[in-house]
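Structure first, commentary second.
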Amino acid sequence: MKSPLLDLPGAVPADAPDQEVAAHYGEPSHEQRALEAGDAFVDRSNRGIVRVAGPDRLRWLHSLLSQRLDDLEPFRPTQALLLSPKGHVEHHLHLVDDGEAVWAHVEPGAAGALVEFLDKMRFMLRVEVADRTESHAVVTVPGGKPQEGALSLGDDLIIPRADLGRDRQGRPAGLWAYEALRIAAHVPRLGLDTDHRTIPHEMGWIDSAVHLHKGCYRGQETVARVHNLGRPPRRLVFLHLDGSVDRLPLHGAPVELDGRQVGFVGSSARHHELGPIALALVKRNVPVDADLLADGVAAAQEVIVSPDTGANATIDLRRTAARRG
């Protein structure tokens, strides 16, 4: 559904998969600075919204997802993953329980598939699953400033979709601003910084979306095996790109070392202070001090996930405090 904020003066639609919201409103650099200062909000109403109600909801979701949810306190936001039987990440959920139901937001277009899977797993439990994307939307407000009628998940607020067009504190900032700050904070995004083979250890989601000491769930064997016995085959890195090049690397483009491909480019953006930056997924054994080429653009890497991750190693996430969503 096209956001009503795309009708604001200067609004330019973002590229897929975010074409239903604005990339910017005519002043991308100013929008980024305003967002970083806490003086703006971001329309992310293309995100999918799922609601799970019923007295068995937390116990049931606990058995399906990677996070411990059976004792989740009301209004305490968390993250969770739905994994494939082989441990590959299928959905990344940002969720909160309001005392009556769990609300989660997921990637654009993903709510339908998630609801379909959850419906198949209900059996005789007292749960009700619904896709609420048409009736509710996500806006991101730095600092999670409370708003009437909104459900807070940290910086993200779930609001009635009918409230999208109402006046808010601060100016609207486009998705370019949000993505630049997200990348700078070393926060990966499912579908942009991952592929169909991605496992949680590769992205650093072990610290935020996985509980290592809970009961069985789909894909747990892979998580446990990597954590206790092995290493993930790849690792997420942050790239400082050559600022003299007038283009950003394309999503999915190869990352090369000495003429051979060692990974692929995920998200990229122009940061108002850091310049052109990107996230990439590279082979674990790529030297951490090696200079790389990202779609032909020279890139210096910064470690996000340590190559020593796994096998009972301490997860070393060099993530900034700017944003951990």
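Annotations
- Check on Gly174, more than 12 Å from the chain's Cα centre (by Cα), more than 21 Å from Asp98 (Cα to Cα) and open to solvent by 20 Å² or more (accessible area, probe 1.4 Å): no
- Criterion violated by Glu134 - all others in (1) in contact with a strand residue (DSSP E or B) (Cβ under 7 Å, 6 or more places away or on another chain); (2) assigned to a loop (DSSP other than H, G, I, E, B); (3) touching a residue at least 40 places away in the same chain (Cβ under 8 Å) satisfied: (1)
- Residue within region 217-227 that is in a loop (DSSP other than H, G, I, E, B), among the aliphatic types (A, V, I, L, M) and modelled with pLDDT under 95 present: no
- Residues that are open to solvent by 50 Å² or more (accessible area, probe 1.4 Å) and in contact with a strand residue (DSSP E or B) (Cβ under 8 Å, 6 or more places away or on another chain), drawn from region 191-237: Asp207, Arg218, Pro233
- Qualifying residue in region 279-289 (condition: open to solvent by 30 Å² or more (accessible area, probe 1.4 Å) and closer than 16 Å to Leu190 by Cα): no
- Top-ranked residue in region 124-149 [being modelled with pLDDT under 90 and of a type outside the set (S, T, N, Q); ranked as most open to solvent (accessible area, probe 1.4 Å)]: Met124
- Picking from residues in region 46-79 that are under 15 Å from His92 (Cα atoms) and of a type in the set (Gly, Ala, Ser), the one that is surrounded by the most Cβ atoms within 10 Å (Cβ to Cβ) is Ser66.
- Filter result (in a helix (DSSP H, G or I) and not acidic (Asp, Glu)) within region 1-27: Pro4, Leu5, Leu6
- Unmet requirement for Ala253, which otherwise passes all of (1) surrounded by 22 or more Cβ atoms within 10 Å (Cβ to Cβ); (2) over 21 Å from Pro307 (Cβ atoms): (1)
- Where strands (runs of 3 or more DSSP E) fall entirely within region 238-313, those with at least 3 residues that are closer than 27 Å to Ala173 by Cβ and modelled with pLDDT of 95 or more are at 260-271, 275-283, 297-303.
- Hey, Asp39 modelled with pLDDT under 95 and open to solvent by 10 Å² or more (accessible area, probe 1.4 Å) or not: yes
The values are calculated or read from the model by the stated rules, or taken from the named source; none is laboratory data. Computed from a predicted structure; not experimentally measured. Cβ atoms come from the backbone with ideal geometry, glycine included; neighbour counts cover every protein chain shown. Each accessible area value is taken on the protein alone, full model and side chains, heavy atoms only, with ligands, DNA and RNA left out. Shrake-Rupley method; radii C 1.70, N 1.55, O 1.52, S 1.80 Å.
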